[in-house]
Structure formats: C-alpha cells, structure tokens
Amino acid sequence: MMEKSLRKIFRETFESQNNERAFYAPGRVNLIGEHTDYNGGHVFPCALNIGTYAIAENRQDRLFRVTSLNFKEIGIIEFSLDDLSYNKEHDWANYPKGVIKEFADKGIAINQGMNILYYGNIPNGAGLSSSASIELVTAVLVNELSRAGVDMIEMVKMSQHAENEYIGVKSGIMDQFAIGLGKDESAVLLNCQTLEYHYSPLELDDAVLVIANTNKRRTLADSKYNERRSECDRALLQLQSVLEIQSLGDLSKEEFLKHQHLITNETDRKRAKHAVYENLRTLKAVQLLKEGNVAGFGQLMNESHESLRYDYEVTGKELDSMVEASWKEPGVIGSRMTGAGFGGCTVSIVKKDYVSSFLENAGKAYEAETNLTPDFYVVEVGNGAREIFDI
Ligand code: GLA
C-alpha cells in the first residue's frame with residue numbers, strides 16, 4: 001500500500017534521517033443538513049476512512065519545503081516563514097500555507113521551517129473535502145511539531161478562516177469541523193450557530209454507506225455557492241425587519257410560513273425555505289436514527305435531495321440522474337447529493353446484500369443518461385485529524 005512507504009519516500013525526498021512524524025486527516029461526507037451551516041442550522045456529517053496523510057519534520061532554518069505525491073509534476077514548493085502571502089505559483093501549497101499563516105497571525109511562535117510530504121486518497125474536486133482535509137492535517141502537524149498547544153476546535157476555526165480569507169471560498173464550518181472532530185462509527189450533529197455538538201452512533205443495521213462520484217467536476221461551485229449565500233442573507237435581512245432572529249436556523253416551519261411574504265424575491269424565498277426546512281429535517285432525521293428507524297432516516301435523505309433540487313437548485317443533471325438511478329434500485333434505503341452540489345458526489349444507504357447489484361445497475365443507468373462513468377466507494381466512518389503511529 002502507498003501509505004506504507006510514505007516515510008521512505010519522505011526520507012529520500014528530503015534526505016532526512018528518521019525524525020519524521022506522520023499525520024492524517026480524513027475526508028468527510030455529509031449525511032443530511034446541506035447548505036444549512038452558513039444559515040445557522042444543523043448538519044450531520046461524518047469523517048471517512050479516506051483522507052490526507054502528511055509526513056513532516058522540523059528544519060533548522062525558516063524554510064518550508066512541501067511536496068505532494070498527488071501533484072508530483074510540480075515538485076517541491078519552497079516558502080519562508082518570513083513571507084506567507086498568497087502566491088498563485090504555489091498552486092496547491094497555498095492550502096497549507098494559508099493555515100501556517102493562521103498560526104503566525106495569531107502570534108503562535110513557529111520558530112522553524114518544516115519539510116512536509118503530502119499524499120491524499122480522496123478524489124479531488126468531488127465534494128468530499130480534500131481541501132479541508134489538507135488544511136486540518138497541516139494544522140495538526142504544525143501544532144504538534146511546534147508544540148503550540150492549540151485545541152482542535154480552534155484549529156477547525158483557523159482552517160475555515162484560511163479557506164474563507166486566504167483561498168477565498170466563503171464556506172461554512174461543516175467540513176473542517178467534521179474532519180477535525182469526526183469519530184469512528186459515528187456521525188456528528190453540529191449546531192453551526194453555537195458549535196454545540198453530539199455524536200450519534202451510525203447504526204445502519206444491515207446496510208452500508210456508498211458514495212458515488214458522478215465525475216462531473218464542480219466547475220461553477222464556488223461562484224454559485226457564494227450566490228446562494230447572498231440569496232439567503234437577503235432573505236434573512238427582510239425577515240429580520242419583523243422577527244428577532246439571528247439566522248434562518250432559528251425558524252420553525254410555522255414561523256417561516258407566517259412570515260415568508262416578507263421575502264419579496266421569489267427565488268430568495270425558495271432558498272430560505274430550503275434552509276429552514278432542511279434544518280428541521282436534519283433534527284428529525286437524527287432523532288429517527290436514534291430510535292433505530294433507518295428507513296425513516298433514508299426517507300428524509302430523499303426529501304433533502306428534492307429540496308436541494310427544486311428549492312435550492314444546486315443539483316444539476318448528473319446528481320439528479322445518479323440519485324434517481326439509486327432510488328430505483330432494491331435495497332436502497334435513501335440517497336441524495338452531498339456537499340456543495342453542482343456535480344461531485346451522492347451518498348446512499350444500501351443494504352449489504354444489494355451493494356453489488358446497486359453498483360452495477362445504478363452505474364449503468366447513470367452512464368446511459370450522462371455518458372459519464374461514475375466511481376463508487378463503499379466507505380467506513382473513521383476518526384478525525386490526528387498524529388498516526390502505525391505507518
Ligand atoms: C461545502 C461547504 C460547507 C457546506 C456545504 C453545503 O461543502 O464547504 O461549508 O456549506 O458545501 O452543505
């Protein structure tokens with residue numbers, strides 16, 4: 001396995017001895033609660049058993065020398081602690097650099113540079129948060145190697161801040177949180193307004209999680225994402241003319257129905273409706289799962305997809321085809337798009353006995369509709385970002 005030889009590759013690349021340490025941050029999949037995080041609602045994601053590995057050691061000077069096996073052709077990228085500004089030429093390395101700058105901006109003393117080798121097995125740009133995974137693995141390794149003592153929630157916030165301000169994607173806190181605080185065999189219910197969270201054991205009886213990558217790249221994702229944020233912000237502002245609320249996540253269905261006329265633009269109203277209903281749906285879904293009602297949970301996943309398709313309009317032909325193909329298969333308990341949308345992945349709960357027929361039939365049906373070949377991952381839920389000792 002690739003991971004097994006990472007230390008060896010590290011030593012060869014940086015001509016180093018044996019002082020390196022190994023770190024890992026997972027990718028994430030969101031089960032329900034989509035486009036609710038920046039609306040002050042709840043999300044219910046989990047950390048995956050695929051992610052980003054980083055092997056690292058301190059240097060004696062102030063240089064960072066970083067390389068990624070996923071971008072071998074780019075080679076080693078070098079920058080100094082004395083200039084951590086964004087540099088287009090540094091390509092993917094701006095992600096770790098943005099996080100290192102967060103430490104520096106907080107006045108956390110990093111006195112030495114580092115050599116870092118990255119390797120990730122999360123499909124890139126598929127909406128499983130490869131970028132947040134790189135951010136968190138970097139935060140944890142910098143924190144450990146410089147003995148900074150920053151706690152995980154703080155590193156989650158710093159990583160989100162780097163993504164928002166340094167990279168320029170105005171994402172909410174879900175991805176970094178799930179990756180930082182994910183727990184084996186559990187999903188995490190997070191209130192994105194207060195950051196209160198609870199783990200919920202992911203007991204799916206005789207079923208598993210299957211992720212389908214539509215292999216439609218999320219090209220418009222960033223601009224459309226920011227557009228949805230502004231639509232919701234406008235709706236909130238109009239509701240606030242009468243209601244004392246901090247976010248759309250504060251509203252019940254009844255309150256929304258009573259006051260929705262305040263939102264003058266019809267599109268904004270639909271977006272707000274999704275944000276309110278999806279938040280309530282998430283709370284209900286988690287409750288059903290607790291009661292052992294996996295079928296009920298799956299039904300709400302399906303409803304979540306419909307809402308993202310018709311009210312939030314972030315699905316598109318590929319995600320809709322994959323979800324429709326999945327719904328038709330026996331043994332599928334629930335299926336929906338996951339992540340920001342506009343391409344990327346779906347997540348389904350599929351009974352174990354039906355997984356192979358599901359992969360075969362849903363794959364074929366999707367391919368016939370779109371001319372794209374999907375990739376499937378039967379995933380397990382793992383722990384959050386951490387140092388690892390077994391590689
Ligand atoms: C992206 C963002 C998250 C969240 C989802 C949609 O993954 O990074 O913060 O908003 O989209 O639920």
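In straight-distance terms, cross-link reach from residue 170 covers every one of the lysines whose alpha-carbon lies under 20 Å from its own, apart from those fewer than eight places away in the same chain; here that gives 88, 97, 101, 157, 224.
Net length available on complete extension from residue 378 to residue 227 is 51.1 nm, with 0.36 nm assigned per residue and the Cα-Cα distance removed. As a test, work out the antiparallel percent of DSSP beta bridges whose residues both lie in the chain, rounded to the nearest 5. Expressed as a percentage, antiparallel bridges in the chain total about 90. Restriction of the GluC sites (Glu not before Pro) in segment 201-234 to DSSP coil positions whose beta-carbon has at most 12 other beta-carbons within 10 angstrom yields 203. Estimated at 0.36 nm per residue, the fully extended path between residue 246 and residue 108 surpasses their Cα-Cα distance by 46.4 nm.
Full extension from residue 74 to residue 391: what is 0.36 nm times the residue separation minus their Cα-Cα distance, to one decimal in nm?
On the way: separation 317, 0.36 × 317 = 114.12 nm, distance 2.51 nm.
Extra length from residue 74 to residue 391 when fully extended: 111.6 nm.
Model label points for residue 291 and residue 368, set 7 angstrom from Cα along the Cα-to-Cβ axis, are 3.8 nm apart. Its residue count N sets the reference 2.2 N^0.38 Å, and the alpha-carbon radius of gyration of segment 207-379 equals 1.12 times that reference.
Which value at 222 nm does the chain reach when only helices count, each DSSP H run of 4 or more adding -39,500 (n - 2.57), with the total divided by all residues and rounded to the nearest 500 deg cm²/dmol? Please list the in-between numbers first.
Values: 11 runs with 150 residues, N = 391.
Rounded to the nearest 500, it is -12500 deg cm²/dmol.
Take peptides 135-146, 313-324 and line them up by average Cβ neighbours within 10 Å, highest first, as a rough protection proxy. Intermediate results must be reported in sequence, preceding the final value.
Values: 135-146: 26.4, 313-324: 21.6.
Top of the packing list down: 135-146, 313-324.
Arranged from fewest to most other beta-carbon atoms within 10 Å of their beta carbon, 192, 345 become 192, 345. Counting only DSSP beta bridges with both residues in segment 207-379, the antiparallel share comes to about 100 percent.
Of all lysines in the structure, those lying under 22 Å Cα to Cα from residue 258, and not within fewer than 8 positions of it along the same chain, are 270, 273, 284. The distance separating the Cα centre of segment 286-360 from that of segment 78-132 comes to 34 Å. Two tests apply to each whole DSSP H helix in the chain, Cα reach of 20 Å or more along its axis and mean Kyte-Doolittle hydropathy of at least -0.5, and the ones passing both are 130-145, 294-310, 355-370. Summary: within the chain, the longest segment free of chymotrypsin sites (Phe, Trp or Tyr not before Pro) located in DSSP loops with at most 15 other C-beta atoms within 10 Å is 87-388. Taking a straight line from the alpha carbon of residue 290, these aspartates and glutamates sit under 13 Å away, with near neighbours fewer than eight places off in the same chain left out: 203, 205. Note on residue 12 and residue 206: the model spin-label points, each 7 Å out from Cα along the C-beta direction, lie 4.8 nm apart. Restricting segment 1-53 to GluC sites (Glu not before Pro) that sit in a DSSP loop and have at most 10 other Cβ atoms within 10 Å of their own Cβ leaves 15.
Readers should treat all values here as calculations from the given coordinates under stated rules, not as data from a laboratory. Just so you know, these numbers come straight off a predicted model, no measurement behind them. Here Cβ is always computed from backbone atoms with ideal geometry, including for glycine, and neighbour counts include all displayed protein chains.
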